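The structure appears right after this line, and notes come after that.
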Amino acid sequence: MTKQYQAYPLLPHNTFGIEAVAAEFVEFSSVDDVVAFFAKGYNGRSLVIGGGSNLLFVNDFNGTVFHSSIKGMDIVDENDDELFLRVGSGVNWDELVAYTVENGWGGLENLSAIPGEVGASAVQNVGAYGVEAGDLIVKVETVRINDGACQVFLHDDCQYAYRHSIFKTTEKGKHIITYVTYRLSKKPLFKLTYGNLAEKVEQLGGVTLENIRKAVCEIREAKLPNPDKVGSAGSFFMNPIVPASVANALLLEYPSMPNYPLVCGDVKLSAGWLIEQCGWKDTPHEHVGVYRHQALVVINRGGATGKEVLDFASAVVASVKEKFGVELNMEVNVIE
Ligand code: EPU
């Protein structure tokens, strides 16, 4: 069934807790709904949202917001080692992770407790603790907005990279994602190299999918604000990737700067560290700030407007540029 609303409040649909109104809101619960809606062609102003955990509304949205609430988690193929799970784009991300862990299927456990929905995970390529969703995605099914055509993007078509996919570049805003298929492992290879994850898992009684999930949930709870209590969109910025020459020059001046050399030769820096060094954890501001345990996360202290958040973020970017000469890019999708 397709549900359609006018003058629709977006407050429950953005984890930043920004008050904004969409001129129209349309919600689909099946692929047939989506195809039927777009088959006649559509070219109005539109925005497709998932769980609204990576969005910043700066104004009311003068167009139509589309949301898929397509559900379902079905095994579509399996062999001795792997299984392929086709999941509706409207499934809550952490419900999916919990379900895979309960069933003993490995792959997504490091991505526990990330807010949002399955469809958005395929756009954002959400990542944490050494795993990215794109690593496990084999197929993304969509319906094209301008003509209602069903399309399939296989893993390589999606062009996954750090917080990047084709759905953020050439295919941006052109599709309603309906299903995502993940490749999961029946004989999991655990990834425990990130930070103190291995140590935490050991404390919990050893390496199992359940203990990894538990450890990740505990680490996230300690470092990141609870979206039910504090408005934020998780990481507001991406970690900047710079040439090795730039990283080496900075390391001469700041030997303790976290840095992660990449296979391509470039170096990923920590936006949270750069922001903290600019003093933002100690800068009081009435409505907006950075989270005290993780400066990468911009928070709504209560009653912030989207414009206030954006102005604050611009000041953060300018300060990092001035102190370190490094350009921060926003991870959050700013809707003007
Ligand atoms: N750090 C600081 N100060 C801070 C924040 C971080 O000094 O305020 C330092 C830490 O001590 C550490 C380094 O920076 O040495 C990296 O910090 P952390 O391990 O917390 O990870 P991150 O690189 O800041 C990324 C993701 C997170 C994800 C974590 C864990 C991005 C943009 N963010 O953060 O993703 O949970 O790694 O894998 O890549 C999200 O996208 O919403 C998100 C939370």
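Assuming Asp282 fulfils every condition listed in (1) surrounded by fewer than 18 Cβ atoms within 10 Å (Cβ to Cβ); (2) modelled with pLDDT of 95 or more; (3) on the phi < 0 side of the Ramachandran plot apart from one, which condition is it?
(2)
Residue check, Tyr42 against (1) among the hydroxyl-bearing types (Ser, Thr, Tyr); (2) at pLDDT 95 or above; (3) away from the ligand (no atom under 13 Å from the Cβ), all met but one. Which one?
(2)
I'd like to check something: does the stretch 147-165 contain any residue that is in contact with a Cys (Cβ under 8 Å, 6 or more places away or on another chain) and either outside the structural domain of Met238 (by TED's automatic domain parsing) or farther than 20 Å from Val97 by Cα (or both)? Steps first, please.
Step one: list which residues in the stretch 147-165 are in contact with a Cys (Cβ under 8 Å, 6 or more places away or on another chain), which gives 165.
With the extra rule that they be either outside the structural domain of Met238 (by TED's automatic domain parsing) or farther than 20 Å from Val97 by Cα (or both), the set shrinks to 165.
Checked the stretch 147-165: at least one residue is in contact with a Cys (Cβ under 8 Å, 6 or more places away or on another chain) and either outside the structural domain of Met238 (by TED's automatic domain parsing) or farther than 20 Å from Val97 by Cα (or both).
For the stretch 277-320: of the residues being among the charged types (D, E, K, R) and within 21 Å of Phe16 (Cβ to Cβ), which is farthest from the chain's Cα centre (by Cα)?
Looking only at the stretch 277-320, we keep the residues that are among the charged types (D, E, K, R), and these are 281-282, 286, 292, 301, 307-308, 311.
When the remaining residues are screened for being within 21 Å of Phe16 (Cβ to Cβ), the result is 281, 286, 292, 301, 307-308, 311.
Working: Lys281: 23, Glu286: 27, Arg292: 21, Arg301: 21, Lys307: 21, Glu308: 22, Asp311: 22 Å.
Filtering the stretch 277-320 for residues that are among the charged types (D, E, K, R) and within 21 Å of Phe16 (Cβ to Cβ), the one farthest from the chain's Cα centre (by Cα) comes out as Glu286.
Confirm whether Ile114 is touching a Lys or Arg at 6+ places or on another chain (Cβ under 9 Å), β-branched (Val, Ile, Thr) and more than 16 Å from the ligand (Cβ to nearest atom). Before you say what the answer is, go through the steps one by one.
On the way: touching a Lys or Arg at 6+ places or on another chain (Cβ under 9 Å): yes; β-branched (Val, Ile, Thr): yes; more than 16 Å from the ligand (Cβ to nearest atom): no.
No.
Would you mind finding the one in Val138, Val152 that is out of contact with any Asp or Glu (no Cβ under 9 Å at 6 or more places or on another chain) and either crowded, with 17+ Cβ neighbours inside 10 Å or among the hydrophobic types (A, V, I, L, M, F, W, C) (or both)? Please lay out each step first, then the result.
Details: Val152 fails: out of contact with any Asp or Glu (no Cβ under 9 Å at 6 or more places or on another chain).
None of the other options fit; the residue is Val138.
Out of the residues in the stretch 293-333 that are farther than 27 Å from Ala222 by Cα and within 16 Å of the ligand (Cβ to nearest atom), state the one that is surrounded by the most Cβ atoms within 10 Å (Cβ to Cβ).
It comes out as Phe324.
So which strands (runs of 3 or more DSSP E) are wholly in the stretch 144-258 and hold at least 3 residues that are away from the ligand (no atom under 16 Å from the Cβ) and modelled with pLDDT of 95 or more?
On the way: elements: 150-154, 175-185, 231-235.
Those strands (runs of 3 or more DSSP E) span 150-154, 175-185.
How about the stretch 1-98: which strands (runs of 3 or more DSSP E) wholly inside it have at least 3 residues that are among the acidic types (Asp, Glu)?
Numbers: elements: 3-9, 21-28, 46-49, 55-57, 61-68, 73-78, 82-88.
Of the strands (runs of 3 or more DSSP E) lying wholly inside the stretch 1-98, those with at least 3 residues that are among the acidic types (Asp, Glu) span 73-78.
Quick check, is Ala36 modelled with pLDDT of 95 or more, small (Gly, Ala, Ser) and surrounded by fewer than 18 Cβ atoms within 10 Å (Cβ to Cβ)? If you could, list the steps in order and put the result at the bottom.
Details: modelled with pLDDT of 95 or more: yes; small (Gly, Ala, Ser): yes; surrounded by fewer than 18 Cβ atoms within 10 Å (Cβ to Cβ): yes.
Judged against the criteria, Ala36 is a match.
Say whether the condition of being in contact (Cβ under 8 Å) with a residue 12 or more places away in the chain, within 16 Å of the ligand (Cβ to nearest atom) and crowded, with 22+ Cβ neighbours inside 10 Å is met by at least one residue in the stretch 78-94.
yes
Under 8 Å between Cβ atoms, at least 6 apart or on separate chains: pull out the pairs that start in the stretch 186-200 with a residue that is over 18 Å from Tyr99 (Cα atoms) and end on any residue that is more than 12 Å from the ligand (Cβ to nearest atom) and open to solvent by 70 Å² or more (accessible area, probe 1.4 Å).
Lys200/Glu218
Would you point out the residue of the stretch 118-135, among those that are part of a helix (DSSP H, G or I) and within 14 Å of the ligand (Cβ to nearest atom), that is most open to solvent (accessible area, probe 1.4 Å)?
Filtering the stretch 118-135 down to residues part of a helix (DSSP H, G or I) leaves 118-124, 133-135.
Of the ones still in play, those that are also within 14 Å of the ligand (Cβ to nearest atom) are 120-121, 123-124, 133-135.
Working: Ala120: 33, Ser121: 3, Val123: 35, Gln124: 26, Ala133: 0, Gly134: 2, Asp135: 68 Å².
Taking the candidates together, the pick is Asp135.
Considering the stretch 321-336 alone, what residues qualify as being over 14 Å from the mean Cα position of the chain (by Cα), charged (D, E, K, R) and part of a loop (DSSP other than H, G, I, E, B)? It would help to see each step written out before you state the result.
Step one: list which residues in the stretch 321-336 are over 14 Å from the mean Cα position of the chain (by Cα), which gives 321-329, 335-336.
Next, from what is left, pick out any that are charged (D, E, K, R): 321-323, 327, 336.
Matches in the stretch 321-336: Glu327, Glu336.
Which residue out of Ser270, Ser256, Ser245 is closer than 16 Å to Leu328 by Cβ and not aromatic (Phe, Trp, Tyr)? Write out each step before concluding.
Numbers: Ser256 fails: closer than 16 Å to Leu328 by Cβ; Ser245 fails: closer than 16 Å to Leu328 by Cβ.
Unique residue meeting the criteria: Ser270.
The values are calculated or read from the model by the stated rules, or taken from the named source; none is laboratory data. Here the structure is a predicted model, which means the values were calculated and not measured. We place every Cβ from the backbone using ideal geometry, glycine too, and count neighbours over all the protein chains shown. SASA here: full protein model, heavy atoms, side chains in, ligands and nucleic acids out. Shrake-Rupley method; radii C 1.70, N 1.55, O 1.52, S 1.80 Å.
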